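What follows is calculated from the coordinates using simple rules that are stated; it is not laboratory data. The structure displayed is predicted, hence computed values, not measured ones. Counting neighbours? That spans all protein chains shown, and the Cβs are built from the backbone with ideal geometry, glycine included.
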């Protein structure tokens, strides 16, 4: 057995996210299982959208147990049901118990493959924070066939012993608990501090309403860095935006020759609507350029005059909300003039890296302002 200790830290350049580690661990797996204390819709979408899980869905069996003590709300349960209903072999239980002073608190996922398996365990939950944004530590252990078989036996025995605590996502008890979890404390939870929904007086203090979606996961503050970049035509497939190696490393957080890293994007449009999650590989090509495909450009012709301008705001490392402005769009002329004022003359493809605090006018002019927590 070999074990790697991994650090997830948005401020640590060599960081690896739990999301990336789970994707790598799942490559070639024939079976996956996991248990997580807290789950969010955004976390479900992130995990199920990784290439390795997409490859397993509908093919190999996958079994998950999710906690309902707190946080796992209606949006999270609906996301889990969405994938379970569409993929045969995906089995998800909600863990509900009545033991006072005890919290369902695991954070583990293990995979079985031809060589044995991989076990990923640590502090991160199945939320966008746990998978990408928070500072977490976790381990990735490569194990042999005998070890993975022992893990599988212990897992099955644990599942059998908790039959009364494992509930279908369709059960009324789970639905009721998920509704109650729409309200949670606006503080971090620890082992001893789980909200008792039945105590109304306690709930009046320091509570917030969870949004029905995961927009909060994509919020940023004034310290967030952003890139304003003209997008070149680059042949017929201009939706693959090209960036120089320096931008790839310093802004997007890529690591040259490390193809295990994944870039997560989400577009916001002039209508105020949000796009789906875009999971992209962080790969440089022979020319040392970095190419990233943008869903917001899908189906759009490259303009005959002017250039599309993309604004990418860093939410966490290798995780960005972005806005694509086409010539004629409400903010395009402003962005063009802002680039002209902030880029030295003679530059062919104009690009500027700044941050919200120093250039708030850029964000204020765009739909991205909806995500700014001032």
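Quick notes
- Region 219-371: projected area of the alpha-carbon convex hull, averaged over directions, in nm²: 8.8
- Descending principal axes extents, region 18-75, alpha-carbon based, whole Å: 33, 19, 18
- Spherically averaged projected area of the convex hull of Cα atoms, region 2-210: 11.7 nm².
- For the chain: relative contact order, % (alpha-carbon pairs under 8 angstrom, 6 or more apart): 17
- Residues residue 215 and residue 348, FRET efficiency given R0 of 41 Å [Cβ-Cβ distance, rounded to 0.05]: 0.70
- Each label was represented as a point 7 Å from its Cα along the Cα-to-Cβ direction; for residue 152 and residue 334 these points are 5.8 nm apart.
- Rg over Rh for the chain works out to 1.00, using Cα positions for both radii and the Kirkwood form for Rh.
- A straight chain from residue 359 to residue 81 at 0.36 nm per residue would run longer than the Cα-Cα distance by 95.9 nm.
- Among 90, 18, 300: highest mean-square fluctuation, GNM of the chain, C-alpha pairs under 10 Å: 300
- Counted residue by residue at 0.36 nm each, then reduced by the alpha carbon distance between them, the extension gain from residue 245 to residue 12 reaches 82.0 nm.
- At q = 0.15, 0.18, 0.19 Å⁻¹, base-10 log of I(q)/I(0) for region 1-124 (Debye sum, equal scatterers on each alpha carbon): -0.72, -1.01, -1.11
- DSSP bridge analysis restricted to the chain gives an antiparallel fraction near 75%, rounded to the nearest 5.
- Distance between the pseudo-spin-label points of residue 298 and residue 145 (7 Å out from Cα toward the beta carbon): 4.2 nm.
- Candidates 36, 322, 274: whichever shows maximal mean-square fluctuation once the chain is modelled as a Gaussian network with Cα springs under 10 Å: 274
- Antiparallel content of DSSP bridges confined to region 1-117, in %, to 5: 40
- Chain lengthening between residue 114 and residue 166 when straightened (0.36 nm per residue, less Cα-Cα): 15.8 nm
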